[in-house]
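Notes follow once the structure below has been shown.
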Amino acid sequence: MKLDCYFTPSEVTEASLKGRVVVIIDVLRSCTTIAYALLNGAEKIIPAGTVEAATKLMSSLDRESTLLCGERDGKKVSGFDLGNSPLEYTREAVAGKTLVFASNNGTKLMSRAIKAEEQLVCSFVNVGQVVATLGSQGVEPVILCSGTSGRFSLEDSVCAGMVAHGLEKTHADAWELNDGAKAALALYEKWGGDIYGMVSGSSHGKFLLELGFGLDLEVCSRVDSVPVLCVLKEGRITASHQ
């Protein structure tokens, strides 16, 4: 089976995703934050492409049961309930709530109308759930990294390599990797022994450190710390109960 990986959304066409499982990766921080929100009882998450789109959507929803969440340039947007730090998404804050969520990179990709069999939201914290699901489905996956402002992102690419490694470890002869998947696997083999060091040394990691989000980087580096499979379908992200 084919295992394809693309390091930025601009590399892939909609036609190449049709009928395939798409794994969306944004380690810093939206995919990590989404996993924490669902772990702590959020009912569903609606990804918005922009802060403005999130604000407009929020105006049509029940304010009592919905939270407006997101960031602009790493910081919580003024007037929003929550930002993009996974540590904000506690059970007390999000249990039973619908979240309208806009981030700089990840939710832009999630809000696109991708014609795929299924979409899975992945980061280091739930990578094992994603690998186990892909290994049991028998459907050819496409790993799609969010990147940072349209550019290559080291942390997303290493996470993509971890997915490829996990699949190859159990079914090495079953996968035909494209060049992107081979490169991601090589990056994982180089950096997989020190995820936190890689994340904190990446360009976006350094940016978040300067903003005071050092603890977020630790949280985002904890492999398989959140046992939740996050499924994006029809514009809504929920925890799978399969």
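Odds and ends about this structure:
- Ranking of 1, 110 by count of other Cβ atoms within 10 Å, fewest first: 1, 110
- Cleavage-rule hits, GluC sites (Glu not before Pro), segment 59-116, DSSP coil, Cβ neighbours within 10 Å at most 15: 64
- For chymotrypsin sites (Phe, Trp or Tyr not before Pro), the sites in segment 100-207 that DSSP calls loop and that have at most 14 other Cβ atoms within 10 Å are 152.
- Contour excess over end-to-end distance, with Cα ends at residue 209 and residue 223 and 0.36 nm allotted per residue: 3.1 nm
- Helical mean residue ellipticity (222 nm; -39500 (n - 2.57) per DSSP H run of 4+; nearest 500) of the chain: -10500 deg cm²/dmol
- Label-zone membership for segment 1-36, site residue 173, 7 angstrom Cα→C-beta point, backbone N under 18 Å: 1-3
- Bins of 10 Å from zero: percent of alpha-carbon pairs in the chain: 8, 36, 38, 16, 2, 0
- Expressed as a fraction of 2.2 N^0.38 Å, the value expected for a compact globular protein of N residues, the C-alpha radius of gyration of segment 1-46 is 1.44.
- Rule-of-thumb Rg ratio for segment 154-211 [Cα; 2.2 N^0.38 Å; N residues]: 1.25
None of the figures in this text is laboratory data; all of them are computed from the coordinates on show. Source: prediction; values computed, not measured. Please note: Cβ atoms are built from the backbone with ideal geometry, for glycine as well, and neighbour counts cover all protein chains shown.
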